[in-house]
Amino acid sequence: MTSTLSDPAPADPAVGSRSPRHERIAVHRIGGRIGARIEGVQLSGALDAQTVAEIRTALLRHKVVFFRGQDHLDDEQQIAFAGLLGPLTSAHPTISTGSSRVLTIKTRNGQAANSWHTDVSFVDKVPAISVLRGVEVTEYGGTTSWANTVTAYEALPEPLRVLADRLWAVHSNLYDYAAMNELGDADPDDPEVAEYRKQFGRIPFETEHPVVRVHPETGERALLLGQFFQRFVGLNTYESHEIFELLQTRITKLENTVRWTWAPGDVAIWDNRATQHYAVADFDDQPREVRRVTVAGDVPVSIDGRTSVVRSGSSADFVDIDSLIS
Ligand SMILES: O=C(O)CCC(=O)C(=O)O
Ligand SMILES: [Fe+2]
């Protein structure tokens with residue numbers, strides 16, 4: 001165990017000397033390494049610039065921020081608010097749920113995105129920020145967890161850090177479901193599951209990313225792995241799997257995560273460049289619905305200044321839909 005893992009939590013940045021004091025919002029940390037709840041804001045497309053800047057500062061610091069009581073939001077208002085954080089992507093590169101901007105994740109059969117992932121990491125322009133609204137929440141179960149990929153990197157012992165610094169990985173949407181080792185994965189014989197998987201992979205994407213990327217806004221170094229990882233460049237399947245497990249286990253170590261229990265009207269916003277997340281599929285057949293609007297991101301850059309390389313598929317239509325949508 002490294003010393004970082006047992007260090008006391010730093011002081012709240014809202015009152016710290018190095019961070020600006022928040023005037024429009026109240027920030028309450030809910031985890032030692034990741035996560036804060038923000039109070040005093042009614043999210044909308046009409047928020048003033050200072051409030052948006054304070055939300056952004058809190059997001060960059062805490063990696064995922066939560067808002068309660070945002071029941072007033074509908075799809076249009078969620079889109080308008082998310083648009084204040086940056087240009088939006090289309091709903092998803094391959095999945096359509098009936099809206100150009102909103103990805104609706106609605107299930108009645110207990111399924112969830114129960115594999116640790118960074119959203120859409122198989123394209124070159126990995127989304128920057130995801131804004132998720134709880135539309136129908138479950139009475140029990142159905143929580144979502146986030147992990148901090150910056151603190152996971154910082155806690156690596158030097159020999160592993162040196163290894164990670166030099167690794168590049170292929171990410172793809174055509175991942176091997178059978179090889180995934182998450183417990184409770186979806187039943188492949190369920191027709192809905194089969195159809196979803198077919199849709200998900202209808203356009204093959206493959207991108208080579210640095211395993212350690214430099215965050216374009218904070219300059220922090222973050223590990224980029226997760227569910228869409230396929231293999232490390234230059235290593236065989238066995239070696240790739242073993243080293244992936246070594247690093248991924250550090251990302252998802254419980255101390256490095258925060259878990260959110262949804263209430264109606266909750267909104268979660270995460271920095272997709274500094275986190276992975278996991279929706280827990282433990283809510284039986286209760287209906288559950290969340291809706292995501294996604295802010296476009298940059299092409300990742302490695303610590304030696306090299307950018308990710310597309311091997312197949314282009315994210316152009318995904319990240320630049322204003323030219324396609326009137
Ligand atoms: O269902 C959830 O809580 C999270 C789903 C998810 O992975 C996402 O919205 O990106
Ligand atoms: Fe996700």
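All of the numbers you see were taken from the coordinates with simple rules; none came from a lab. These numbers were taken from a predicted model, which means no experiment stands behind them. All Cβ positions, even for glycine, are placed from backbone atoms using ideal geometry, and neighbour counts span all protein chains on display.
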**Request:** Using a Förster distance of 45 angstrom, determine the FRET efficiency expected from the C-beta separation of E154 and D285, and round it to 0.05.
**Result:** 0.65
**Prompt:** Modelled label-to-label distance, E217 and K106, 7 Å Cα→beta-carbon offset: nm?
**Reply:** 3.0
**Item:** Among 300-311, 63-74, the order from most to least packed when residues are scored by Cβ within 10 Å on average
**Value:** 63-74, 300-311
**Asked** For the chain, what log10 I(q)/I(0) values come out of the Debye formula at q = 0.10, 0.11, 0.14 1/Å, with one point per alpha carbon and no solvent?
**Response** -0.55, -0.68, -1.16
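Tell me the relative contact order for the chain as a rounded percent, counting alpha carbon contacts under 8 Å between residues six or more apart.
The normalised contact order for the chain reaches 33 percent.
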**Request:** With just the Cα atoms of the range 194-295, tell me how far they stretch along each of the three principal axes, in Å, largest first.
**Result:** 46, 37, 27
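Counting each pair of different Cα atoms once, what's the Kirkwood radius of the range 86-231 in Å, rounded to one decimal?
Answer for the range 86-231: a Kirkwood hydrodynamic radius of 17.1 Å.
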